[in-house]
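J.: Sharing a structure below in structure tokens format, with a few things to ask.
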Amino acid sequence: MPHQHGHTQDLDWSKMLEALTSADDIEAGVDAQIAEWLLTGRERLVYDLGCGAGGMTAALRAAAAAGARIVAVDGERALLDATRRRAEVETQLADLGAEIPIAPASADLIWASGVIHHLPDQQAVLNDLAARLAPGGLLALGEGGLHMRSLPRDLGMGEPGLEMRLDAAQDRWFTAMRRDLPGSLPMPYGWSTALHRAGLDEVTSKSFLLDLPAPLGAPAAEYVISRLRGLLERDNVIGLIGDEDRDLLRRVTDPADAVNQAVRADLFLLAVKTVHVGRRPVG
Ligand SMILES: C[S@@+](CC[C@H](N)C(=O)[O-])C[C@H]1O[C@@H](n2cnc3c(N)ncnc32)[C@H](O)[C@@H]1O
């Protein structure tokens, strides 16, 4: 059965292929650090759930032992195709809201980034994932962190602090997205508590910094601008900011506009990715 998230959440992941791919390119160095932190070299079975365009799958492939089996799972064929192009791994199409295609007590590492929060009952999914870990296996969630910053505070027009207001709009969209998910249950506590409740031990978190200072090279500058431009196409986000901010966002992302040209030298890229982990007890 095809899954519904594309319709219910106003997101079309297959259309997001380009955006996810350029994010993967920019984040490749950080993903390599995360994969090295997660893997010991002894893992034989590793899953990447909600793999997107496969950037982290490729990092896991590179950091894992040569004989390790890496399986990337997603609900979108186009993203699985992209993942296979990026990393030589097995792929599996599945709606994670309906089934977790992992045998009980089998996985040495389950990585899930930016996907659990799209599922209605997050705690139930974590409980289920914990049961699919081999004894001593690790569940790792890429969730939270800090929103990306890339613009100077004062753009020379409009009210300073556009990015903070865009963050607030995206946060309100996120709340509405969760509320409107069919069968959505609140999870009124943090990821550490959720991992403990799933029966996991050694629960901890680590954050990884993506820090590209100004002046950005052409690919990173293009990434920053097209990421902001992408917000203009998301009616459910852009409807939450005022006309003045919408106009400012249009101008700062239009290469023909003086606001865009003036800001180019100061564009930077600063973000934090947080990883929460818990281990299945051996006994
Ligand atoms: C925000 S992206 C994260 C991609 C990647 N893991 C990353 O961190 O960059 C969410 C991914 O989860 C997938 N996804 C969302 N809901 C899903 C579901 N119910 N079943 C399977 N995949 C799903 C989407 O297709 C998309 O690839």
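J.: How much length is gained on full extension from residue 257 to residue 204, taking 0.36 nm per residue of separation minus their Cα-Cα distance?
T.: 14.5 nm
J.: While we're on this one: Calculate for the chain the 222 nm mean residue ellipticity that helices alone would give, adding -39,500 (n - 2.57) per DSSP H run of length 4 or more and normalising by residue count, nearest 500 deg cm²/dmol.
T.: The helix-only estimate for the chain comes to -12500 deg cm²/dmol at 222 nm.
J.: DSSP loop trypsin sites (Lys or Arg not before Pro) in the stretch 99-199 with at most 14 other Cβ atoms within 10 Å of their Cβ, which ones?
T.: Passing sites in the stretch 99-199 are 153.
J.: In the chain, once you exclude exposed GluC sites (Glu not before Pro) (DSSP loop, at most 14 other Cβ within 10 angstrom), what's the longest stretch remaining?
T.: 100-232
J.: Would you mind pulling out the separation of the Cα centroids of the stretch 126-168 and the stretch 36-57, in Å?
T.: Between the Cα centre of the stretch 126-168 and that of the stretch 36-57, the gap is 19 Å.
J.: A follow-up question, please. To the nearest 0.05, what FRET efficiency results for residue 171 and residue 66 with a Förster distance of 30 Å applied to their C-beta separation?
T.: Efficiency at R0 = 30 Å is approximately 0.10.
J.: Let me ask something additional. For residue 127 and residue 18, what is the calculated FRET efficiency with R₀ set at 41 Å and r taken between the beta-carbons, to the nearest 0.05?
T.: 0.75
J.: Run the dipole for the chain about the Cα centre, Lys and Arg Cβ at +1, Asp and Glu Cβ at -1, nothing else charged, and hand back the magnitude in debye, nearest 20.
T.: Its charge dipole is roughly 660 debye.
J.: What full-extension length gain, to one decimal in nm, is calculated for residue 196 and residue 90 as 0.36 nm per residue of separation minus the Cα-Cα distance?
T.: 35.1 nm
J.: Loop only per DSSP, at most 11 neighbouring Cβ atoms within 10 Å: give me the trypsin sites (Lys or Arg not before Pro) in the stretch 9-86, ordered by residue number.
T.: Qualifying residues, ordered by number: 42.
J.: Shifting gears a bit: Counting other C-beta atoms within 10 Å, which of 223, 47 has the fewest, and how do the rest follow?
T.: 223, 47
J.: Kindly state, as a whole number, the per residue volume in cubic angstrom of the convex hull around the alpha carbon atoms of the chain.
T.: Enclosed volume per residue, from the Cα hull, is 126 Å³.
J.: Report D for the stretch 39-93 in µm² per second (integer): Stokes-Einstein, Kirkwood Rh on Cα pairs, 10 °C, 1.306 mPa s.
T.: In µm²/s, the coefficient is 148.
J.: Kindly write out, for the stretch 71-79 in residue order, the coupling ³J(HN,Hα) from the Karplus curve 6.51 cos²θ - 1.76 cosθ + 1.60 (θ = phi - 60°), rounded to whole Hz, with x marking Gly and Pro.
T.: After applying 6.51 cos²θ - 1.76 cosθ + 1.60, I find 10, 9, 10, 7, x, 10, 4, 4, 6 Hz.
J.: Using a basic spin-label model with each label point 7 Å from the Cα along Cα→Cβ, how many nm lie between residue 214 and residue 232?
T.: About 2.1 nm separates the two model spin labels.
J.: Taking loop as defined by DSSP and a crowding limit of 15 other beta carbons within 10 Å, which chymotrypsin sites (Phe, Trp or Tyr not before Pro) in the stretch 162-200 fit?
T.: Answer in residue order: 189.
Read-outs throughout are calculated quantities, based only on the coordinates presented, and are distinct from any laboratory measurement. Only a predicted model underlies this, so the values are computations on that prediction, with no experimental measurement involved. All Cβ positions, glycine included, derive from the backbone under ideal geometry; neighbour counts span all protein chains shown.
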